[in-house]
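FYI, it's all coordinate maths here, none of it is from the lab. Predicted model only: the values in this text are computed from it and were never measured. Cβ atoms come from the backbone with ideal geometry, glycine included; neighbour counts cover every protein chain shown.
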Amino acid sequence: MSHAKRLTRRFFRRDPETLARALLGQVLVRRLPNGKLLSGRIVEVEAYLGIEDKAAHTYGGRRTERNASMWFDGGHAYIYFTYGMHYCMNVVSARAEVPTACLIRALEPLEGLDEMRRRRARTRLPARLKDSDLCSGPAKLTQALGIDRQLDGVDLVTSDELFLVRGRKVLGANLTVAPRVGISYAKEWAWKPLRFFLRGNPHVSR
């Protein structure tokens, strides 16, 4: 998978809604410090539209140490810690100083599933975890792939630790659009159709 064609800067320099649709079917690859590769096909994404979007971390032009990576050029990783226990990974879209991004919500595991099971198991036996338990949510996939704040700001175009490669093209008939999850505080923005996922895929978050 590491030898597949990597996504270029041009791919990421799009508005977040367009990028979110384009990310479906692409493959996220994580190379661990020991050289082992973990990968998964993206099956669910949410778009965050930046300064105007009441659900975005950069709403109103907010710029902090936590969200600094969201202001980077398209193709960087924005990884944040939430609820005191989880990491979430975003792909920065558009260009530098346009603070928009796409949250990767779920992956279909492709490579390194035994390692993913070990990382996800915690108090359970790894063998009891189904494939669909590994990356079917934003916190699950970061745990399964060993993604945390140390990778915040990584350039997905040039990094050997975390990157994206070209996968399958998603046909419109297989795409479902819905409101984003868990953002009731965003008022009218909570209902905007900015969540995109593959219809019927068992790895989509529940």
ask   = Which whole-number percent is the relative contact order of the chain (Cα, under 8 Å, 6+ apart)?
value = 27 percent
ask   = For log10 I(q)/I(0) by the Debye sum over Cα atoms at q = 0.09, 0.13, 0.15 Å⁻¹, the choices are [x] -0.66, -0.91, -1.03; [y] -0.30, -0.65, -0.88; [z] -0.35, -0.74, -0.99; which was calculated from the structure?
value = [y]
ask   = In debye, nearest 20: dipole of the chain around its Cα centre with unit charges on the Cβ of K, R (+) and D, E (-)?
value = 480 debye
Theoretical ellipticity at 222 nm over the chain - DSSP helices of four or more residues, -39500 (n - 2.57) apiece, nearest 500 = -3500 deg cm²/dmol
note = Put in order of increasing Cβ neighbours within 10 Å, starting from the fewest, Glu65, Glu52, Glu46 give Glu65, Glu52, Glu46
ask   = Put +1 on the Cβ of every Lys and Arg and -1 on every Asp and Glu Cβ in the chain; which of Leu24, Val92, Thr64 then has its Cα farthest towards the positive end of the dipole?
value = Leu24
key: chymotrypsin sites (Phe, Trp or Tyr not before Pro) restricted to DSSP loop in segment 65-111 with at most 15 other C-beta within 10 Å   = Tyr83
Dipole of the chain, positive direction: furthest Cα of Ile147, Gly75, Leu38, with charges on the beta-carbon = Leu38
remark   = Between His86 and Arg168, the FRET efficiency computed from the C-beta separation at R0 = 22 Å comes out, to the nearest 0.05, as 0.20
query = Do any trypsin sites (Lys or Arg not before Pro) in segment 133-186 lie in a loop, going by DSSP, with at most 15 other beta-carbon atoms within 10 Å of their beta carbon, and if so which?
reply = Arg166, Arg168, Lys169
Selection from Leu49, Trp189, Leu134 lying farthest towards where the dipole of the chain points positive, charges on Cβ = Leu134
Per DSSP, loop trypsin sites (Lys or Arg not before Pro) in segment 1-95 with at most 16 further Cβ within 10 Å = Lys5, Lys36, Lys54, Arg62, Arg63, Arg66, Arg95
